[in-house]
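> Got a structure here, written out as structure tokens. Questions coming.
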């Protein structure tokens with residue numbers, strides 16, 4: 001095991017390489033912040049046998065649903081009395097550290113051995129790692145700090161990982177991990193398959209929404225005024241622009257649903273490798289003047305609230321956090337009929353088969369023609385979203401920490417789910433696992 005971790009440290013950029021020693025004070029006390037960004041203690045603290053000092057490690061500090069989940073988790077762990085520091089391999093977006101600092105966190109960039117030894121002086125009880133690069137770094141850190149390692153698995157991408165990464169995760173990370181958190185039953189099923197018989201406890205802990213943090217995604221933006229679309233209906237989504245999000249099917253379905261959607265425009269907030277492809281595809285369909293690619297937005301909830309219909313046409317989803325936030329906002333939604341999405345949305349959205357532009361077009365026409373259906377779905381969405389509390393997520397996580405430290409975390413296996421992906425839509429998944 002020592003040889004494995006040493007070899008890993010030599011291959012992991014920014015963690016144990018020969019770069020200059022870095023590191024800074026891991027924690028910025030919340031008292032330096034305005035009251036709107038101070039974590040408020042909950043009515044009860046964490047269990048007595050739970051860890052008091054946890055290091056969260058991530059491959060990317062900012063950029064997507066997994067990173068936003070990490071902030072929700074860190075914020076709510078602090079609320080219930082757990083001291084949390086955050087370390088990362090890559091920022092993922094400009095200004096990523098600033099986004100964390102306003103919530104009272106001072107993220108540590110993993111630059112070299114000097115950083116590791118500074119972290120060792122903090123006296124952590126446990127390391128909790130997220131995403132592939134975070135899991136690699138977390139493995140090294142848990143060894144150096146001599147503390148247990150917990151992982152969170154965010155996606156269904158195990159089958160699409162390069163073979164060397166699957167072997168690395170099996171041979172190194174999973175031999176070190178004391179427990180794994182899966183964000184849905186579907187992800188748990190894939191995770192257990194990946195363990196290949198290794199008896200690592202896996203527990204499902206679903207994402208939660210924190211109203212305080214969602215408020216920080218609002219700027220009071222009048223999206224219709226910004227886009228010059230007063231009086232028009234808006235169909236849209238918030239997503240990373242990648243093939244697995246199924247956005248080309250959304251454009252095709254919108255085109256096929258005409259003329260029922262003649263007064264509707266498509267709004268997509270987010271960025272990613274498919275941005276140019278989507279713009280080109282819209283031009284080919286003759287709907288370029290109806291598509292508004294907004295890029296990354298710090299007012300994503302204002303965008304969601306402005307939509308008449310939120311769409312999640314994903315080919316594959318581990319959970320569907322953007323959908324949950326749209327449900328919290330009370331926006332009617334249409335989504336791919338995937339096991340993980342049904343876990344999140346229940347009966348609160350209109351379902352269509354993934355990668356089926358014909359069925360999606362039919363659903364869009366139905367939603368456009370039936371305002372009452374949109375209102376009913378919006379009401380159901382608000383009720384369903386109330387089931388997903390970020391504080392509950394944090395308390396379940398602390399309970400799993402405590403059980404992991406005691407040496408066992410038995411859970412009931414979920415029912416088997418179909419996590420297959422249509423042919424031709426596989427993608428490089430090493431940074432999103």
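Bear in mind that the values in this text are calculations on the coordinates, not laboratory data. The structure displayed is predicted, hence computed values, not measured ones. Backbone-built Cβ (ideal geometry, glycine too); neighbour counts: all protein chains shown.
> Place the peptides 353-364, 51-62 in order of packing, highest mean first, counting for every residue the other Cβ atoms within 10 Å and averaging per peptide. Each step should come with its number before you reach the end.
Details: 353-364: 19.6, 51-62: 23.7.
The peptides rank, most packed first, as 51-62, 353-364.
> For segment 91-155, what D do you get in µm² per second when you plug the Kirkwood radius from alpha-carbon pairs into Stokes-Einstein at 4 °C and 1.567 mPa s?
The Stokes-Einstein estimate is 100 µm²/s.
> What is the order of 327, 136, 218, fewest Cβ neighbours within 10 Å to most? Don't skip to the end; give the middle numbers.
Details: 327 32, 136 26, 218 16.
Listing 327, 136, 218 from fewest to most nearby Cβ atoms yields 218, 136, 327.
> For residue 337 and residue 175, calculate 0.36 nm times their separation in residues minus their Cα-Cα distance, and state this gained length in nm to one decimal.
Working: separation 162, 0.36 × 162 = 58.32 nm, distance 3.48 nm.
Result for the pair: 54.8 nm of gain on full extension.
> Given the peptides 207-214, 137-144, arrange them by the average over their residues of other C-beta atoms within 10 Å, most packed first.
Details: 207-214: 18.1, 137-144: 25.0.
Per-residue mean Cβ counts within 10 Å order the peptides as 137-144, 207-214.
> I would also like to ask the following. Tell me whether segment 79-220 comes out rounded, prolate or oblate; compute the Cα gyration tensor, take square roots of the eigenvalues as a ≥ b ≥ c, and use a/c under 1.5 as the rounded threshold.
Working: a/c = 1.71, a/b = 1.24, b/c = 1.38.
Because a/c hits 1.5 or more and a/b fails to exceed b/c, segment 79-220 counts as oblate.
> Something else now. Would you kindly work out the equivalent ellipsoid of segment 218-385 from its C-alpha gyration tensor and give its semi-axes, the square roots of five times the eigenvalues, largest first in whole Å?
Working: eigenvalues 83, 64, 56 Å².
Semi-axes from the Cα gyration tensor: 20, 18, 17 Å.
> Which of 193, 221, 115 has the fewest other C-beta atoms within 10 Å, and how do the rest follow up to the most? It would help to have the intermediate numbers written out before the result.
Values: 193 12, 221 17, 115 23.
Ordered by Cβ neighbours within 10 Å, fewest first: 193, 221, 115.
> Turning to a different aspect of this structure: Taking only the C-alpha atoms, wrap a convex hull around segment 48-151 and report its volume per residue in Å³ as a whole number.
Numbers: hull volume 9.4 nm³, N = 104.
Considering the Cα atoms of segment 48-151, their hull volume per residue is 91 Å³.
> For residue 167 and residue 289 in one chain, what is 0.36 nm times their gap in residues minus the Cα-Cα distance, to one decimal in nm?
Details: separation 122, 0.36 × 122 = 43.92 nm, distance 4.69 nm.
Separation in residues times 0.36 nm, less the Cα-Cα distance, equals 39.2 nm.
> Using Cβ contacts closer than 10 Å as the measure, can you line up 223, 294 from fewest to most? Could you put the intermediate results ahead of the total?
Working: 223 21, 294 18.
Fewest-to-most Cβ neighbours within 10 Å comes out as 294, 223.
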